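Below: the structure, in structure tokens.
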Amino acid sequence: MSARAALLKHFKLKNKLTNRCFSTTRPTNADFTHAVIGAGVVGLATARELAAREGTSTILLERHDAPGTETSSRNSEVIHAGLYYPATSLKTSLCIRGRNLLYDLCAQNNIPHLNTKKWIVAQTPTQWEACLEIHAHAQRLGDAPTRLVGREEAQQREPDVKADTGIIESETSGIVDSHSLMTYLQGDFEERGGDIAFKTRVTSVEAIDGGRGGYKITAVSDEDGSVTSFTAETLINSAGHGACAISNMLLPQERHFVPHYAKGTYFSYAASRPKTSVLVYPVTLPGTGGLGTHLTLDMGGRIRFGPDVEWVDSPDDLVPTAARLEQALPEIKAYLPGVDVDAIALDYCGIRPKLGRGGAVNEGKGFQDFIIREEEGLPGFINLLGIESPGLTSCLAIGEMVKGILYRLRASLNPTPNHGPIFLISNFIFAYGLLSSRTLKQWYGIDHQVSPREDLTKYGETAVREGKITRKQLDMLKRNESAHANAVENFPLLVAGVLFASLAGVPAQKVNAAALSYTIARVVYGGVYIFVDHPTWSWTRAWVWWWGNSSCFYLLWKAGELLC
Ligand SMILES: Cc1cc2nc3c(=O)[nH]c(=O)nc-3n(C[C@H](O)[C@H](O)[C@H](O)COP(=O)(O)OP(=O)(O)OC[C@H]3O[C@@H](n4cnc5c(N)ncnc54)[C@H](O)[C@@H]3O)c2cc1C
């Protein structure tokens, strides 16, 4: 039996091993082009993305007998908006991109999900300040809309929810049935030609020729204890709680990672009242390991509370304990005072794969971002470490990013560039150069270099009398001068708008859109001013003038909102 046939048989693979063309520069003759360790939601999404590449062969290795039985099935199933993390972090960019991709994927493939929205509630002035900071941060991010919810609206929509000092609503938050999502990802991965080897525990990985020759992976079958080794050109470590151990097999001692475990306990709720239709989160203060004991909903509309944060020593410490319920009750009662305490029961636990005991959210000391990178000195080895929340939301974007790293593509994660300077320069050239009447005056031969601003008053009438130009042309030249002067006078308003907005952190899309709108308005204004002399139609000039001004006012307004 050939080595390949042996692998097919050993792993009970469905798909044939295809010819591979991952890298033409370093042919390795490996058994697979890509090996992904860990069939959680992130491993599944990543393997599915890689399998889409023609001519590749991807194997997904999972120690359990089904996908996603660890952290991926022990979470809140919330589609996060991406509000909580530093603007430039992977957690923010991947969460926002992943959320958009996830909503689209779910809608297109009937994966149960719901855009429930989420309330972040504050009970004290300090908490409200923290809420407003989140709100301002969200405005700066651009694609994570939040709004303030007034008392009356809150009372009308969710009378059971208490928020003494205020509420902000995250409009893009929602929920997804994570099991349906994983079933879909698995099916689609296999459809694309990928293979999953269940009950296959990776016990060792070695770099062949420093990774240039690929990676040798040794795995033990949890079914019969047999050991198999095979090779892959690239290796993606998406092993969740096992990821540090895999990484440490390849990286030198000084680059080893130590896993930390932050357990979160969930509580079920059996009563039908009180009830909410939105997710409810207490505001998170800096340094917390999670997002607070919040209220989430499942696809059936049932409430569950949790998770809290408890540091534990093992990823297998998954039994909920009564003491946690005692601690959680005051937190829950703070935002849901009418809760029926007798209907709350211990449910299940999930454990966050942490790389330190720092906070999961907010800026500053202790914040730990996702680590997703090709490790230095090990080409083709991609580490995915610390993939805690919002890993479920980000899974599709993570897959995209891994593919981008491997194939040196730019994942579309980069924020939109601010084109403000380009608009300023082009408007300057337009106002001071293109609209200047000197070009036309030169054309008509009445341009005087000595005092060009006085050309028309001094020589205009003479030029008409001498037949150099007609009266109509003189009138047009006069209007051209006025349009030019107006454009120059108006230019500082654009400078102020773009400058203030950019410095205040107004999203680049908004700056670009407003500056483009101003530019169009100014071009139309110039055209109307110069070429339209009909008394009625010349009124359009005034409208267009206000259109341009409004674009700048909009930018100043947005800047003011963020600076206040
Ligand atoms: C309490 C809690 C609440 C959360 N809530 C949310 C939320 O609401 N929204 C959100 O977006 N995210 C949330 N998350 C985060 C999200 O659940 C995770 O980011 C995501 O599930 C991680 O998926 P994964 O595939 O990286 O890891 P996992 O699901 O842990 O998968 C890793 C897989 O690797 C396998 N494996 C490990 N070692 C080996 C080995 N040696 N050989 C073979 N296989 C191996 C494991 O068996 C496992 O199946 C939450 C997490 C927790 C803990």
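Under 5 Å from the amide H of residue 419 lie the amide H atoms of 512, each residue being 5 or more positions distant or on a separate chain, with H modelled from the backbone and absent for Pro and chain starts. Around the Cα centre of the chain, unit charges on the Cβ atoms of Lys, Arg, Asp and Glu (plus for the first two, minus for the last two) sum to a dipole of about 1740 debye.
Residues whose amide H falls under 5 Å from that of residue 60, counting only those 5 or more places apart or on a different chain, are 36, 195, 196, 197, with hydrogens built in the peptide plane. Restricting attention to the chain, close to 70% of DSSP beta bridges with both partner residues there are antiparallel. Ordering 183, 172, 46 from the fewest to the most neighbouring beta carbons within 10 Å gives 183, 172, 46.
When the inverse distances between all different Cα atoms of segment 151-291 are averaged and flipped, the Kirkwood radius reads 20.5 angstrom. Between residue 563 and residue 224, residue separation times 0.36 nm minus the direct Cα-Cα distance comes to 115.6 nm.
If the Kirkwood radius is taken over C-alpha pairs of segment 39-83, then at 25 °C and 0.890 mPa s the Stokes-Einstein diffusion coefficient equals 202 µm²/s.
With θ taken as phi - 60° and the Karplus curve 6.51 cos²θ - 1.76 cosθ + 1.60 applied, the whole-hertz 3J(HN,Hα) list for segment 479-486 is 5, 4, 5, 5, 4, 4, 4, 5 Hz, x standing for glycine and proline.
Expressed per residue, the C-alpha convex hull volume of segment 295-401 stands at 162 Å³. Considering only Cα atoms, the convex hull volume of segment 420-563 works out to 103 Å³ per residue. Taking Cα atoms only, the orientation of helix 508-531 departs from the longest principal axis of the chain by about 20 degrees. Under the combined filter of DSSP loop state and at most 16 neighbouring Cβ atoms within 10 Å, segment 167-242 retains these GluC sites (Glu not before Pro): 171, 223. Using alpha carbons only, the radius of gyration of segment 88-186 set against its Kirkwood radius gives Rg/Rh = 1.04.
Positive contributions from Lys and Arg (+1) and negative ones from Asp and Glu (-1), summed over other residues with Cβ under 11 Å from the Cβ of residue 258, come out at +2. This ranking places 495, 523, 283 by how few other beta-carbon atoms lie within 10 Å of each, fewest first, which gives 495, 523, 283. Toward the positive end of the charge dipole of segment 189-311, with +1 on the Cβ of Lys and Arg and -1 on the Cβ of Asp and Glu, the farthest Cα among 232, 244, 277 is that of 277. Here the contact order of the chain, divided by its residue count and restricted to Cα pairs under 8 Å and six or more residues apart, works out to 16 percent. With a simple spin-label model that places each label point 7 Å from the Cα along the Cα-to-Cβ direction, the separation between residue 503 and residue 204 comes to 6.2 nm. Among the trypsin sites (Lys or Arg not before Pro) within segment 373-482, those in coil by DSSP and having at most 13 neighbouring Cβ atoms inside 10 Å are 408, 410.
Applied to segment 445-455, the Karplus parametrisation 6.51 cos²θ - 1.76 cosθ + 1.60 on θ = phi - 60° returns per-residue 3J(HN,Hα) values of x, 10, 8, 10, 5, 5, 8, x, 5, 9, 3 Hz, with x for Gly and Pro.
Taking the longest Cα principal axis of the chain as reference, the axis of helix 178-191 is set at about 90 degrees.
Placing +1 on the Cβ of every Lys and Arg and -1 on the Cβ of every Asp and Glu, with no other charges, gives segment 420-563 a dipole of roughly 160 debye about its Cα centre. Between residue 461 and residue 376, the simple spin-label model (points 7 angstrom out along Cα→Cβ) gives 7.9 nm. Modelled spin labels at residue 468 and residue 482, positioned 7 Å past Cα toward Cβ, are 2.3 nm from each other. Were the residues from residue 212 through residue 66 laid out at 0.36 nm apart, the gain over their Cα-Cα distance would be 49.3 nm. Between residue 331 and residue 454, the contour length at 0.36 nm per residue exceeds the alpha carbon distance by 36.6 nm. In a DSSP loop and with at most 14 other Cβ atoms within 10 Å, the chymotrypsin sites (Phe, Trp or Tyr not before Pro) in segment 489-564 are 537. In terms of surrounding Cβ atoms within a 10 Å radius of their Cβ, 484, 135 rank from fewest to most as 135, 484.
The residue list 322, 309, 293 was ranked by how far each Cα lies along the charge dipole of segment 288-335 toward its positive end, using unit charges on Cβ atoms, and 293 comes out on top. In segment 420-563, Cα pairs under 8 Å separated by at least six residues give a relative contact order of 29 percent.
Note that segment 461-475 has calculated 3J(HN,Hα) couplings of 4, 4, 4, 5, 4, 7, x, 5, 9, 8, 5, 4, 5, 5, 4 Hz, one per residue in order, obtained from phi through the Karplus relation 6.51 cos²θ - 1.76 cosθ + 1.60 (θ = phi - 60°); glycine and proline are x. Residues with beta-carbon under 9 Å from that of residue 399, excluding residue 399: net charge, scoring Lys, Arg +1 and Asp, Glu -1? So the surrounding residues net to 0. Between helix 125-141 and the chain there is an angle of about 70 degrees, using the helix long axis and the longest principal axis of the Cα atoms. Enclosing the Cα atoms of the chain in their convex hull gives a volume equal to 213 cubic angstrom per residue.
None of the figures in this text is laboratory data; all of them are computed from the coordinates on show. This structure is a prediction, so every number in the text was calculated from the model and none was measured. So basically every Cβ, Gly included, is an ideal-geometry build from the backbone, and we count neighbours across all protein chains shown.
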